[in-house]
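One structure, pasted below without further comment.
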Amino acid sequence: MLKWTLPALLVAGPAMAQDVPRPYDAYSHTFAALAGWALLMIVLLILSAAGKPRASTESGHPVRDYSDPYYRRSRAFMNAIETAGPFIAAAVAAVLVGAAPFWVNLFASVFLAARVAMAVVHIGTEIQPLRSAFWLIGTLCCIGLAVLALIGAIA
């Protein structure tokens with residue numbers, strides 16, 4: 001049976017049309033979260049380069065001032081960079097060891113939602129406690145993914 005849909009052709013080309021087994025289908029939400037994370041990082045990169053800070057340090061970095069929108073955009077991007085490694089490593093490791101897809105997908109999806117919310121709060125407001133709450137949710141999801149990967153590797 002041929003499956004000639006546009007998404008199928010974009011994902012795997014003509015090979016997809018031949019019912020090729022896809023062993024990682026159970027982790028589709030995790031892969032979508034990883035792709036979403038990449039897009040969020042690109043958006044934050046572009047936003048962090050827009051405009052000029054009110055004041056700069058001698059090294060050229062913006063002075064720490066949460067009332068400055070440029071500083072908040074810059075910090076949102078830097079926070080995302082700091083989190084990228086642990087999230088990607090934990091998510092990929094959890095998939096590769098075959099951890100329970102439900103939990104891997106849940107943690108990866110909630111991580112992405114928390115990080116999008118954190119970026120919106122970080123850039124749009126000066127509400128530190130709300131930003132910290134979203135950071136905590138994302139961090140707990142990374143820990144959950146890492147624990148799933150460790151259990152899968154040891155078991």
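Condition (residue is closer than 21 Å to Arg115 by Cα, among the acidic types (Asp, Glu), modelled with pLDDT of 65 or more and loosely packed, with under 11 Cβ neighbours inside 10 Å) applied to segment 16-30: is it met by at least one residue?
Checked segment 16-30: no residue is closer than 21 Å to Arg115 by Cα, among the acidic types (Asp, Glu), modelled with pLDDT of 65 or more and loosely packed, with under 11 Cβ neighbours inside 10 Å.
Residue-by-condition table, conditions (1) over 17 Å from Leu40 (Cα atoms); (2) modelled with pLDDT of 95 or more; (3) assigned to a helix (DSSP H, G or I); (4) in contact with a strand residue (DSSP E or B) (Cβ under 8 Å, 6 or more places away or on another chain):
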position	(1), (2), (3), (4)
Ala99	yes, yes, no, no
Val104	yes, yes, yes, no
Ser109	no, yes, yes, no
Leu112	no, yes, yes, no
Ala117	no, yes, yes, no
Leu145	yes, yes, yes, no
Ile151	yes, yes, yes, no
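Residue by residue, here is whether (1) in contact with a Leu (Cβ under 6 Å, 6 or more places away or on another chain); (2) under 26 Å from Tyr66 (Cα atoms); (3) crowded, with 16+ Cβ neighbours inside 10 Å holds:
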residue: Ala90; (1), (2), (3): yes, no, yes
residue: Ala94; (1), (2), (3): yes, no, yes
residue: Ser109; (1), (2), (3): no, no, yes
residue: Ala114; (1), (2), (3): no, yes, yes
residue: Val121; (1), (2), (3): yes, yes, yes
residue: Thr125; (1), (2), (3): no, yes, no
residue: Leu130; (1), (2), (3): no, yes, no
residue: Cys142; (1), (2), (3): no, no, yes
residue: Leu148; (1), (2), (3): no, no, yes
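Is it the case that Arg72 is of a type in the set (Lys, Arg), crowded, with 19+ Cβ neighbours inside 10 Å and touching a residue at least 40 places away in the same chain (Cβ under 8 Å)?
yes
The values are calculated or read from the model by the stated rules, or taken from the named source; none is laboratory data. Here the structure is a predicted model, which means the values were calculated and not measured. Positions of Cβ are generated from backbone atoms using ideal geometry, with glycine treated the same way; all protein chains shown enter the neighbour counts.
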